[in-house]
Amino acid sequence: MAGRTGDRRGWLTRNLVVLTLVSLFQDTASELLYPLLPVLVTGVLAAPPVVLGVIEGVAEGTAGLTRYVTGRWSDRAGRVRFIGAGYGLAAVGKVLVAAAGAWPMVLAGRTVDRLGKGVRSAPRDALIAASVPSENLGRAFGFHRAGDTLGAVVGPLLGLLALSVMGGNLHAALWWAVVPAALSAGLVVLVREHRAPAPAPAPARPAAASAAPSHPLPAAYWWVVGVLVVVGLVNFSDTLLLLRVSELGFGTTQVVLAYVLFNVVYALGSYPAGALTDRWPRAYVYAVGLLAFAVGYVGLALVGKGPVVFVLLAVYGLFPALTDGVGKAWISSLVPAEHRGRAQGAFQALSSGAVLVAGLWAGLLWDVGRGGGTVPLLVSGVGALVAVPVLAALRFRARPHP
C-alpha cells in the first residue's frame, strides 16, 4: 500500500531502523561532548556562565534558521541528501570543539554542529513519518527517540572512559567523539528515499472558492506549535542544569553520572510514551511531561547537595520522554503527508528560537542574588506548571488531519 514502506514488517521499517542507528551514533558523539562542555567552557577556558548560555543559545538558534528552509525544500527535492549533509556537518563541528583553545572556537564548533542538526532534523522526521503507517506515528517516533537517547547514555560513559584513558586530559578525551560522529554520517547511505503519494485531485469548485488561498499548514497545527513554542521559552539548555549540579558540590564524574541517569529515564520512557499516544490524546501525555519538568526544575532550585538531586534529575528525564517524540508525532498527525517536511521545519525553527531566548535570559539571570541557578530554575518551573492546563486543553483545538 502506498505510504507504508515495509508493510510486512509493520511499523518497524528499514528507514526507521537505519535512521535510529544513525541517530544513536550521532548522539553518542554529541553526548560525549555535552556534559563536558560546562567544564571546558567555564573551567579549562575560564569563561563566565553567561558564555555557556550564549554558546548553546546561538548554536540552537542557528539550527532553527535552517530547519524551516530545509524542511520545506525537502518536501520537493527529496530528504536523504539533507540528512546526509546534516550528519556530515555535525561531524565537522565535533572536530572544531575538540580542537578549541578558546571559547569562540567552541561557539564555532557548536554552531556548525547544530547547523548540521538544522539541516537534517526536519527532513529526517518527515521521512520517518512517511515510512511508517500513520496509526503508528507515536510508536515510531518513540522508538527513534529511545534509540537516539541510548546514545546519550553511552556517550557520557564513553566520555568518562576517555578521560580515564587520557589521564584526565579533557581535550584528548573530546577527540573520541569524532569516531561515532563519522560512523553516523556513513550509515546515511543505507537510507532510502520515500516520497508521499501525490494527493488526489481536488473536486472542481466555483471560481470564487478556487481563488481562495490554500493553507497547507492548518489552524490546528498552528495552535499546537504556538503553545509548544511558548513553553520552549522556559526550557533552557540542559548544560545549565549540569552547571547547577556542579554548583551544588558534585564533581565532574558525578555530574556526568547524573546526566547518564537522566538519559536512562529518557530512553526507557520514550517508546512507551510514543506507543501510548497512538491510543491516548497526545495533549494529555505532553501535559504530564510538563509536570515532570516543573518538579525537576523547582526541586533543583530549592535543594542542596544530596541524593535527592539524582532523584530530581530522574524525574526531569520523564519530561523529554513524554514530549520529544510525542511532539513530533503530534505535529506530523496534523498536516497532509506532502507537507510534513515544512511542518516539522517550521515547528523546529520556532522551537530553536525559543531555546535561544531561554538560554540568553537564563544565562543572564544565573548569578542574580548570588543564588546561582535558583532564580532561572524557579521561573522556568513555575512557567511550565502554568502551561499544563493550557496544553491539556489543546486536545479540543487540535484535531488530527484526516
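Taken together, the values in this text are just the output of simple stated rules run on the coordinates, not laboratory data. Note that the structure is predicted; figures quoted are calculated from it, not measured. Here Cβ is always computed from backbone atoms with ideal geometry, including for glycine, and neighbour counts include all displayed protein chains.
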Modelled label-to-label distance, GLN254 and LEU65, 7 Å Cα→beta-carbon offset: nm? 4.0
Could you work out which residue, out of THR13, THR28, THR323, moves most in a Gaussian network model of the chain, that is, has the largest mean-square fluctuation with Cα springs under 10 Å? THR13
Using the Cα centre of the chain as the reference point, and only Cβ charges (+1 on K/R, -1 on D/E), how large is the resulting charge dipole? Debye, rounded to the nearest 20. 1120
Tell me, in nm to one decimal, what length is gained between ALA393 and VAL375 on full extension, where the rule is 0.36 nm per residue of separation less the Cα-Cα distance? 3.6 nm
When the chain is fully extended, how far beyond the present Cα-Cα distance does VAL230 get from VAL189, taking 0.36 nm per residue of separation? 11.1 nm
Cβ density ranking, 10 Å radius, fewest first, applied to GLU56, GLU193, GLU247 yields GLU193, GLU247, GLU56
Once the convex hull of the alpha carbons of segment 91-134 is built, what does its volume come to per residue, in cubic angstrom? 58
Rounded to the nearest Å, what's the spacing between the alpha carbon centres of segment 214-273 and segment 123-187? Just the number, please. 16
To make sure I understand, if each residue's beta carbon is the centre and we count other beta carbons within 10 Å, what order do ARG72, ARG192, ARG139 fall in, fewest to most? ARG192, ARG72, ARG139
Semi-axes of segment 257-402 from the Cα gyration tensor (sqrt of 5 times each eigenvalue, largest first, whole Å) come to 29, 18, 14
Of THR13, VAL386, ALA321, which is farthest along the charge dipole of the chain in the positive direction, counting Lys and Arg as +1 and Asp and Glu as -1 at C-beta? THR13
Apply 1/(1 + (r/R0)^6) to the Cβ-Cβ distance of ALA102 and ARG279, taking R0 = 51 Å, and write down the FRET efficiency to the nearest 0.05. 0.50
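Provide the convex hull volume over Cα atoms per residue for the chain, in Å³.
Measuring per residue, one finds 129 Å³ for the Cα hull of the chain.
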Could you tell me the calculated FRET efficiency between LEU302 and VAL179, based on Cβ-Cβ distance and R0 = 45 angstrom, to the nearest 0.05? 0.65
From the Cα gyration tensor of segment 319-373, with a ≥ b ≥ c the square roots of its eigenvalues, which class applies: rounded if a/c is under 1.5, or else prolate if a/b is larger than b/c, or else oblate? oblate
Relative contact order, percent, of the chain when contacts are C-alpha pairs under 8 Å separated by at least 6 residues? 29
If one takes the longest principal axis of the Cα atoms in the chain, at what angle in degrees, from 0 to 90 and to the nearest 10, does the Cα axis of helix 282-302 lie? 10
Helix 137-165 versus the longest principal axis of the chain: what is the Cα-based angle in degrees, 0 to 90, to the nearest 10? 20
